[in-house]
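Handing you a structure now.
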Amino acid sequence: MKKAVIMLLAGALCTAGLSGCGKKSNQETLYVYNWSEYMPQEVYDLFEEETGIRVVEKTFSSNEEMLAKLVAGGASQYDLIVASNYVLNAMKDQNLIQPIDVSRLENFEQISAFAKGRAFDPDNEYSVPYMSTITVIAYNEELCEQLGVEIQRLDDLLDPALENNIVAVDDCREIVDIALKAKGEDPDSTDEAVISGTIDWLSKLAPNIRLYDSDTAFSALATNEVAVGIVYNMDAAQAIQENEDINVWYTEEPCELSIDNFVLSSTSQHMDAAYQFIDFIHRPEIYKLCLDEFPAVCLNDGARELLDEEYFGNAGANIKEEALEQAHIIDDVGDAAEYYDAVFARMKN
Amino acid sequence: MGHLFKEKKKRSGGSRLSCIAMIGPVVVWMLLFLLVPLLYVICISFLSKNSYGGAGLPVTLQGYLGMLQSEYGRIFLQSLWLSGKTTLICLLFGYPFAWIIAHAPKKWKPFLLLLLMLPFWINSMIRIYGWITLLRSQGVVNQMLMAAGLIQKPLDILYTDGAVLFGMVYDLLPFTVLPIYTSIEKLDHSLVEAAQDLGAGKWHVFTRVILPQTMPGIFAGSIQTFIPSLGLFYISDMMGGAKTMYIGNLIKNQFLSARNWPLGAALSIVLILITLMLMRLYTKVGSLDDMV
């Protein structure tokens, strides 16, 4: 293990030496464009300590925001981008990213088979998985018992007993997909009639929703503001850390899953550093540091063995395996995105 | 004569130079940061949308036609209605507020104005978070009311339309107070005295003398409240739980989730036109100098 790292470092040093002798005094910098709250600063510091490469992180809070900024000409500012599976094709089509050679990554074998070679990138030609997020139903045991509510199917979310008692992610795809699944439709539908047809289901859900919040949904759950949450599992995990009444329900219908991946910007000036960084993150002990701070779904087998009760005992972090296997991986819907947005706007008004 | 002419020419040349030096930076600033982005937005509004965000050829009116959906009309009306209510409430509270400051003892005035400006030292979003902690069902206000025995169950204050209105009024009140304060300061007191001498009652003095004289301030205050309130999407997101969509959210979503830039740009243009119309209306009543 250590040997491999030293070899890699030596290799990197050699190439750096070959590429430009005069530049040595300038510290190399790697520009990473990442989700906000997804990678701890500690990891960047450790990377700099070990390799001397400084990491500068810029963050975004939705794939659309990231895509919009890259399309508007920001692509040249970054080397490494963390993107969700459903925007990969869009990025590829617009030449924003370049192929990645996974054979250069020592730790690629550490990554769970579950996340590799999925339909969005069958041969991992462009992407290396980082972590994954699944949308779950979190609930407050005490409050739900008082209300007499139990959620086994998505239709149970429409229970009038839950009036004004749900926090939901503020994302048109997530919410409309729930309605599509409840109605037995394809959650990646691009058919305008099918998508607008969810309005009857959504308008029954609307009165139950107390607030939409994608960024700090955990706080509404942790402070007993709501009984149920349609939230990202990381929010559920954070709420559970703060409030032991919170738990997770799995419905009969599959959950929504997105896999976040490292991709190389097509204009990257620091390819070697980017490879080094991806490999560094997938070193089990480093990956564990990321999970300790941000309890998303673990996609690294080595790190899984290092994890402790704090992770496995938390229903928001330790997602049931069947739920992961069955989960629906959100796919790009292209032009149909506006239908999703329109029906979501109608639901809100 | 020739000497005099030379002198004059020299002076006018000098003033041209100083003119450029004085106005130049402003013109460059306006061109770069106002005109260019505005033209960019206007261009996008006439382009076709691209499946991945962005906009491209051919030139179409799709962006504007897309606005005709009944949904968007309703969102526009809803936003105008909320902004109208915000402005009205700000005026009702702001006028007496401004009056009190204007008539306070001289040594108190700077202090009172400072108190009015003080909240601006803290980011508005952080102040809104503060209100969320106070107003949530397990928050300080509900806990106190319950401890006092006034209510049995926590009140639903947060995540309602009322909370959004409250947040808007809270955020924008200083913008209403300041112009009204200026116009009350400028009030010609001899006219008030004259009215009183001629036997006008308090109500008459207010409606016939004071109100007309402070009208420019009221107008300026209303516009300074109404226009920003149309764009304050984060207050409805944070205090209303993002349950109702307003024009600000709608525009944001076109760029960040619906991937329909032309529609977003067209909506912005309409918003700018509404603003311009209001400004035009205002210049008929008052002068732009009162806008401070």
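The values are calculated or read from the model by the stated rules, or taken from the named source; none is laboratory data. Not measured: the values here are computed from a predicted model. Here Cβ is always computed from backbone atoms with ideal geometry, including for glycine, and neighbour counts include all displayed protein chains. In case anyone asks, the SASA skips ligands and DNA or RNA and just uses the protein heavy atoms, side chains included. Shrake-Rupley method; radii C 1.70, N 1.55, O 1.52, S 1.80 Å.
Given a 1.4 Å probe, show me the residues in region B:23-58 buried by at least 20 Å² of accessible surface when comparing the whole protein assembly to the chain alone.
Listed by number, the residues meeting the 20 Å² cut-off are B:Lys49, B:Ser51, B:Tyr52.
Classify region A:73-117 from the C-alpha gyration tensor, please: rounded if a/c falls under 1.5, else prolate or oblate depending on whether a/b exceeds b/c.
prolate
Using Cα-Cα distances under 8 Å and only pairs 6 or more residues apart, what relative contact order does chain A have, in percent?
Relative contact order comes out at 26 percent.
How much length would be gained if the chain were fully extended between A:Arg104 and A:Asp308, taking 0.36 nm per residue of separation minus their Cα-Cα distance, in nm to one decimal?
Gain on extension, A:Arg104 to A:Asp308, equals 70.4 nm.
Same structure again: If you roll a 1.4 Å probe over chain A with all protein chains in place, what percent of the accessible area is carbon or sulfur?
Using a 1.4 Å probe with all protein chains present, chain A comes out at 46 percent carbon and sulfur.
Follow-up question, since we're still on this one. Residues with amide H under 5 Å of B:Gln69's amide H, sequence separation 5 or more or different chain, H placed in the peptide plane at 1.01 Å from N; which?
Close amide H contacts, sequence-distant or interchain: none at all.
I'd like to check one number: the per residue accessible area of chain A, probe 1.4 Å, reported in Å² as a whole number.
That works out to 41 Å² for each residue.
Please report the antiparallel percentage of DSSP beta bridges with both residues in the protein assembly as shown, rounded to the nearest 5.
About 60 percent, rounded to the nearest 5.
Based on alpha-carbon atoms only, what is the radius of gyration of region A:107-196 relative to the globular estimate 2.2 N^0.38 Å?
My calculation over the Cα atoms of region A:107-196 gives 1.46.
Can you give me the distance in nm between label points at B:Leu61 and A:Asp45, each placed 7 Å from the Cα along the Cα-to-Cβ direction?
6.0 nm
If one takes the accessible area of chain A alone plus chain B alone and subtracts that of the pair, with a 1.4 Å probe, what total in Å², rounded to the nearest 100, results?
Buried area (both sides, nearest 100 Å²): 2900 Å².
Send over the Kirkwood Rh of the protein assembly as shown, from the inverse of the averaged 1/r over different Cα pairs, rounded to one decimal Å.
28.4 Å
A further question on this structure: Using 0.36 nm per residue of separation minus the Cα-Cα distance, give me the extension gain between B:Leu273 and B:Trp29 in nm, one decimal.
Gain on stretching B:Leu273 to B:Trp29: 85.7 nm.
Report the paramagnetic label zone for A:Glu244: residues of region A:278-316 whose backbone N is under 18 Å from a point 7 Å from Cα along the Cα-to-Cβ axis.
A:309-316
So for each of A:282-290, B:144-152 I average, over its residues, the number of other beta carbons within 10 Å; can you give me the resulting order with the highest mean first?
A:282-290, B:144-152
Among residues other than A:Ala75 whose Cβ falls under 13 Å from its Cβ, what is the net charge (Lys/Arg +1, Asp/Glu -1)?
Net local charge, A:Ala75 excluded: +2.
Could you compute the FRET efficiency for A:Ala193 and A:Asp93, with r as their C-beta to C-beta distance and R0 at 35 Å, rounded to 0.05?
Here the calculated transfer efficiency is 0.85.
Please compute the modelled spin-label separation between B:Tyr40 and B:Arg280, points set 7 Å along Cα→Cβ, answer in nm with one decimal.
Each label point is offset 7 Å from its Cα along the Cβ direction, giving 2.7 nm.
In chain B, once you exclude exposed trypsin sites (Lys or Arg not before Pro) (DSSP loop, at most 11 other Cβ within 10 angstrom), what's the longest stretch remaining?
Segment B:108-292 is the longest.
Assuming a ≥ b ≥ c are the square roots of the Cα gyration tensor eigenvalues, decide whether region A:263-342 counts as rounded (a/c under 1.5), prolate (otherwise, with a/b larger than b/c) or oblate.
oblate
Based on the mean of other beta carbon atoms within 10 Å per residue, what is the order of A:244-252, A:81-89, A:301-309, most packed first?
A:81-89, A:244-252, A:301-309
Also, I was wondering about something else. May I ask you to list the aspartates and glutamates whose Cα is less than 13 Å away from that of B:Lys106, ignoring any residue fewer than eight positions away on the same chain?
B:Glu185
Scaled to the compact-protein estimate 2.2 N^0.38 Å, what is the alpha-carbon radius of gyration of region A:31-182, rounded to two decimal places?
Scaled against compact globular proteins, the figure is 1.33.
Treat each spin label as a single point 7 Å out from the Cα along the C-beta direction, and report the A:Lys183 to A:Asp301 distance in nm.
A separation of 4.2 nm, rounded to one decimal place.
Can you pull the percent of Cα pairs in region A:156-293 with separation above 25 Å?
More than 25 Å apart: 43 percent of the Cα pairs in region A:156-293.
Report in % the part of the accessible area of region B:70-260 that belongs to carbon and sulfur, leaving out ligands and nucleic acids; probe 1.4 Å.
71 percent
Provide the FRET efficiency to the nearest 0.05 for the B:Ala200-B:Ile122 pair, computing r from the beta carbons and using R0 = 35 Å.
Using R0 = 35 Å, I get an efficiency of 0.20.
What does the net charge come to around A:Tyr311 if you take all other residues with beta carbon closer than 12 Å to its beta carbon, with K and R at +1 and D and E at -1?
-4
Relative to the isolated chain, which residues of region A:321-335 have their accessible area cut by 40 Å² or more in the presence of all protein chains (1.4 Å probe, heavy atoms, no ligands or nucleic acids)?
Going by heavy-atom accessible area, the residues of region A:321-335 that drop by at least 40 Å² are A:Asp335.
How much net charge surrounds B:Gly130 when only other residues with a Cβ under 14 Å from its Cβ are counted (Lys, Arg +1; Asp, Glu -1)?
+1
Ignore the peptide's own chain and count Cβ atoms of other chains within 10 Å of each Cβ in B:185-192; give me the average, rounded.
Mean shielding by partner chains, rounded to a whole number: 0.
Considering the dipole of the protein assembly as shown built from charges on the beta carbon (Lys and Arg +1, Asp and Glu -1) around the Cα centre, which of B:Ala266, B:Gln152, A:Thr267 is farthest to its positive end?
It is B:Ala266.
Per residue of A:92-103, how many C-beta atoms from partner chains lie within 10 Å of its own C-beta, taken as a mean?
Taking the mean over all residues of the peptide, I get 1.
Against the 2.2 N^0.38 Å scaling, with N counting residues, where does chain B land? I'd like the Cα-based Rg ratio to two decimal places.
1.31
Evaluate the relative contact order of region B:70-260 (contact order divided by residue number), counting alpha-carbon pairs under 8 angstrom at least 6 apart; express in whole percent.
Relative contact order for region B:70-260 comes out at 32 percent.
For region B:191-232, compute Rh as the Kirkwood radius over C-alpha pairs and then the Stokes-Einstein diffusion coefficient at 10 °C and 1.306 mPa s; write the answer in µm²/s, rounded to an integer.
Once the numbers are plugged in, D ends up at 134 µm²/s.
Now for a separate question. For chain A, what is the Kirkwood estimate of the hydrodynamic radius, computed as the reciprocal of the mean inverse distance between distinct Cα atoms, to one decimal in Å?
21.3 Å
Which whole-number value in Å² is the accessible area per residue of chain B, probe 1.4 Å?
Value returned for chain B: 58 Å² of accessible area per residue.
Further question on the same structure: Classify region A:42-119 from the C-alpha gyration tensor, please: rounded if a/c falls under 1.5, else prolate or oblate depending on whether a/b exceeds b/c.
Oblate, since a/c reaches 1.5 and b/c is not below a/b.
Pop out a list of residues from region A:206-225 that are at least 10 Å² less accessible with all the protein chains around than in their chain alone; 1.4 Å probe, no ligands or nucleic acids counted.
Residues passing the criterion (a loss of at least 10 Å², heavy atoms only) are A:Ile209, A:Arg210, A:Leu211, A:Tyr212, A:Thr216, A:Ser219, A:Thr223, A:Asn224, A:Glu225.
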